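The values are calculated or read from the model by the stated rules, or taken from the named source; none is laboratory data. Treat the numbers as computed from the prediction; the structure is a model and nothing was measured. Cβ placement follows ideal geometry from the backbone for every residue including glycine, while neighbour counts extend to all protein chains displayed.
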Amino acid sequence: MAQPRAAVWAAEDDMDEDLQDMSLGNYGQYDDTFFQQPQIDEATLMAMQQHIAQQAAFAQIPDVVKGFIVHFHQAVLENNLPEITVAYESGWNKYTEKFYARTEWPEAEIIAPLVNDDPIFLILYRELYYRHVYSRLQPNIDDRFHSYENSCELFNYLLNSEGPVQLELPEQWLWDIIDEFIYQFQVFCTWRSKVKSKTDDELSMLADGGPVWSSYSVLNVLYSLIQKSKINEYINAHQAGKTPEEIAEIVGEYGSRPLYRHLGYFSIVGLLRVHVLLGDFTLALKVMENVELNQKSPYTRVTACTVATYYYVGFCYIMLRRYTDAIRTFVSILNWIMRMRQYHTRSYQYDQISKTADRMYALFAICNALSPSRLDDNIANISKERYGEQFAKMARGQEDAIPAFKELFLYACPKFINANAPPYEDPAALNALLAPASPDPSSPDLESGGADPAHRHLGLLLADVVAQTPVPTLRSFLKLYTSLGARKLAGFLDADEEEMVQQLMVMKQASRSVTHVPGGRGLLDGQTASTSDLNFVIDENMVHIAESTMGRRYAGWFIKNTERTQKLYDDLKSQPLPPAPKAGAGAGAGALGVPADAKAARTGPPKVAWGGVKVA
Amino acid sequence: MASSWVSPPTRTELIEDLVSGVDRYNPSNVGILEDYLYHQIRSQEYDCLANLAILKLYQFNPDLYNPDVVINILIKALTASPLPDFNLCISLLDERPINANLDEPDPLPTLLPTLKHLNDLLYRCRFPAFWEIYQSDELENLRDNYTVECVGFEDAVREVAIRAVTAAFTRISADRLASYLDLSGSELAAYVEKKGWKMEANVVGIPPNPDNQIEATVVQENIKLAQLTKVIAHGANM
């Protein structure tokens, strides 16, 4: 992985000198002309001062960075994907660490001369520029507005040029563009909803903000990309096994280009996320209805996209009370992350992915407490290792279960947003909002409690949790009997008999859930299934209990070890023979019938790019 | 979410286009969906996704907001318990500043806690408590202005209880069933008969169904051919 990077930047030193000369020359020249002008009006003076300031800023850019930008631009001009990938994934990060860890990159206007004022490259450059501001620094209101404008320019260029644009970008970057667009939308909404801390300038800009970062404008971009790329038609044609020619016919001139196809797919995942952020869990799953969730999908190459997809789908299932489906979703992605981990620990995205994984372990613990299952002991054990204390409280279902659910939910839930801004355009309404409206001083603060959408969703989950609190205790008693009088059971529980019967109905209800069935159409579809190993029925006043048990499982162990032995055997066979009889060695290896290169192909590292630099 | 929940057979093509297409975001379609809601209320039909589409339009266009529509949607969603429909609706009700443009005071803020409480009682199968509260004087406003318009509301609540009883019981005493359904004497007998259930000596028998048949089983593992492909393929290469 390090090799291609070294090859590209080996010429660094030579390039530096060239650039240094160029910039020095420019600088001197301009200075002369300025001071020879005899009479200057104020506007010209301002323009000149600005120009000088820009020149000064330009001169301050380290030469390696100038060289990098020139190279980057060249790679983009040539649609040279491997070079773009190197610049995007390592060059940019390398120089960020070195020169811009705590400041902005040079503004696009400053570096424009390096790239011949190429408007497209400058848009892409700004995309990176603002992303850096958001991730490393504190964006101010201008950054927030301008990053929105820049995103609009980018999407305008992609969607409203004459015909499909010829640009090509690496899949990872395309995903990051969509991902960042939604991220910036989300942080803008969160920031916007906090009225108290705004300055007068900010208030007036927000009042005139218009469509900046409005939900409609964000959805519009995502839907436009989906429609333009015909990605849903592409997926359906692909699943129907159509030939590449037929597919090209179906998806048209936009959809045939990888850039649009990838953006279309990532926009579906983006929509999933936006709908979840806005609290629309059914619509979120509905937009995914054509996408098959499995790890054979070509899009698993962009790891961050796959992880996000499963996280949001799993979360939707929780809010639909489909805990079994949520568990299945989390288990499959967490296992996948674990398998991938060995290849990616040094990647720049690894932190983000392991954070999301950690949140999914927390959500898994929530689901497992509400609907105990034995789907995957391995994941369950890791989840218990990390959240053992909370899990124990949640699973017992006593009073301290509620704080544990709350803690894990608020830690692991998406960053929900309100669809609409506070009434910035209406000062009276805004003041009413700011005024200490609630006469009760103990009521939660607006900024932290009531208006926060995460708490609204939390409240819904907690109501379900409270409804289910008697279940673990009931379960522990029922497990001891095959039949038991309702009155006797109520006596054990020190509860009213009728109340206990109602709790039994809740328990029955909680042990049934709509579950996705293989071959079902879309993620919303499903059938009711039993989710518990403990079943019971009430015959007037008698409770009858039946428990299903799992026979011990041997097959997995034997299959795994057979495969391991076979591999060991193959490896041994393909070892070169002892060197002693020199002439016989080559023939001997050939006679064993395992071609060395075939072997290498099988054991080579899986092809995944999550930050790993891939150069053909 | 059986497929009839995802797309009810009573949904027309026009509504299907609105629910599944981009046109669902067009504020000028809100009237069509609201009419469809009132149609559901009159005809004992139910289409959760179409109603969520109304709430989505309200979420994005606060000036469309009509509290009566929201309350009716929530009332319809109540009777879908134990499906999460009611919660899904609440999830879409963003906090909104007090709307000064309405002609009358907004009835939702006062009714919302009541509706949430009723939903909670149904989800917790506390049917006798539900009836008691539903018929209390405090809820007169809800009954007289809203649920009375919703044809078959009380029967729909009874169906929630019936679903819970059907799953949990093989036989249930008539008194208990009566308290769950808020029916007594001849009403109960008629209801039980209409369901095709049998009542003998004050005990109602619930017909066998997948949820009230219990059996202790031992799940044995099944090895699928796919699990063995690697092992077999290797054998073939030997």
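Here residue A:498 fulfils each of the conditions (1) farther than 30 Å from residue A:316 by Cα; (2) in contact (Cβ under 8 Å) with a residue 60 or more places away in the chain; (3) facing chain B (nearest Cβ under 9 Å) apart from (2).
When residue B:133 is tested against the conditions (1) surrounded by fewer than 17 Cβ atoms within 10 Å (Cβ to Cβ); (2) within 11 Å of another protein chain (Cβ to nearest Cβ), the lone failure is (2). Taken together, the residues in the range A:526-551 that are in a loop (DSSP other than H, G, I, E, B), within 22 Å of residue A:324 (Cα to Cα) and facing chain B (nearest Cβ under 8 Å) amount to 3. Restricting the range B:18-50 to residues that are within 14 Å of another protein chain (Cβ to nearest Cβ) and under 16 Å from the mean Cα position of the chain (by Cα), the residue that is farthest from residue B:5 (Cα to Cα) is B:50.
In the range B:1-21, the residues that are within 18 Å of residue B:43 (Cα to Cα) form Cβ pairs under 6 Å with partners that are among the small types (Gly, Ala, Ser), at six or more places apart or across chains, as follows: B:15/B:50. Would it be correct to say that residue B:177 is farther than 18 Å from residue A:541 by Cβ, in contact with a helix residue (DSSP H, G or I) (Cβ under 8 Å, 6 or more places away or on another chain), among the aliphatic types (A, V, I, L, M) and more than 9 Å from every other protein chain (Cβ to nearest Cβ)? No; evaluated as a whole, the condition is false for this residue. Of all the criteria given as (1) surrounded by 12 or more Cβ atoms within 10 Å (Cβ to Cβ); (2) on the phi < 0 side of the Ramachandran plot, the one not satisfied by residue B:207 is (1). Kindly indicate the residue of the range A:360-407 that is in contact with a Phe, Trp or Tyr (Cβ under 7 Å, 6 or more places away or on another chain) and among the charged types (D, E, K, R) and also surrounded by the most Cβ atoms within 10 Å (Cβ to Cβ) among those meeting that condition. Taking the candidates together, the pick is A:384. Within the range A:398-424, track down each residue that is touching a helix residue (DSSP H, G or I) at 6+ places or on another chain (Cβ under 6 Å), more than 14 Å from every other protein chain (Cβ to nearest Cβ) and not in a helix (DSSP H, G or I). The answer is A:400, A:415. Within the range A:157-170, the set of residues being under 24 Å from the mean Cα position of the chain (by Cα) and either exposed (fewer than 12 other Cβ atoms within 10 Å of the Cβ) or more than 12 Å from residue A:225 (Cβ to Cβ) (or both) comprises A:168, A:169, A:170. You will find that of B:157, B:165, B:151, B:192, the residue that is assigned to a loop (DSSP other than H, G, I, E, B) and of a type outside the set (Phe, Trp, Tyr) is B:151 and no other. Looking across the range A:199-217, the residues that are buried (at least 16 other Cβ atoms within 10 Å of the Cβ) and of a type outside the set (A, V, I, L, M) come down to A:202, A:209, A:213, A:214, A:215, A:217.
Determine whether residue B:86 is within 14 Å of another protein chain (Cβ to nearest Cβ), more than 21 Å from residue B:50 (Cα to Cα) and not hydroxyl-bearing (Ser, Thr, Tyr).
Details: within 14 Å of another protein chain (Cβ to nearest Cβ): yes; more than 21 Å from residue B:50 (Cα to Cα): no; not hydroxyl-bearing (Ser, Thr, Tyr): yes.
Answer is no for this residue.
The criterion of at least 3 residues that are surrounded by fewer than 19 Cβ atoms within 10 Å (Cβ to Cβ) is met, among helices (runs of 4 or more DSSP H) falling completely within the range A:218-312, by A:231-239, A:244-255.
Quick one: is residue A:522 more than 30 Å from residue B:230 (Cβ to Cβ), out of contact with any His (no Cβ under 8 Å at 6 or more places or on another chain) and assigned to a loop (DSSP other than H, G, I, E, B)?
Details: more than 30 Å from residue B:230 (Cβ to Cβ): yes; out of contact with any His (no Cβ under 8 Å at 6 or more places or on another chain): yes; assigned to a loop (DSSP other than H, G, I, E, B): yes.
So residue A:522 fits the description; yes.
Among the residues of the range A:501-519, those that are part of a loop (DSSP other than H, G, I, E, B) and either more than 10 Å from every other protein chain (Cβ to nearest Cβ) or of a type in the set (Val, Ile, Thr) (or both) comprise A:517, A:518, A:519. Scanning the range B:203-223 for residues that are more than 8 Å from every other protein chain (Cβ to nearest Cβ) and either under 16 Å from residue A:563 (Cα atoms) or of a type in the set (Gly, Ala, Ser) (or both) yields one hit, B:205. Restricting the range A:425-448 to residues that are within 11 Å of chain B (Cβ to nearest Cβ) and part of a loop (DSSP other than H, G, I, E, B), the residue that is modelled with the highest pLDDT is A:426.
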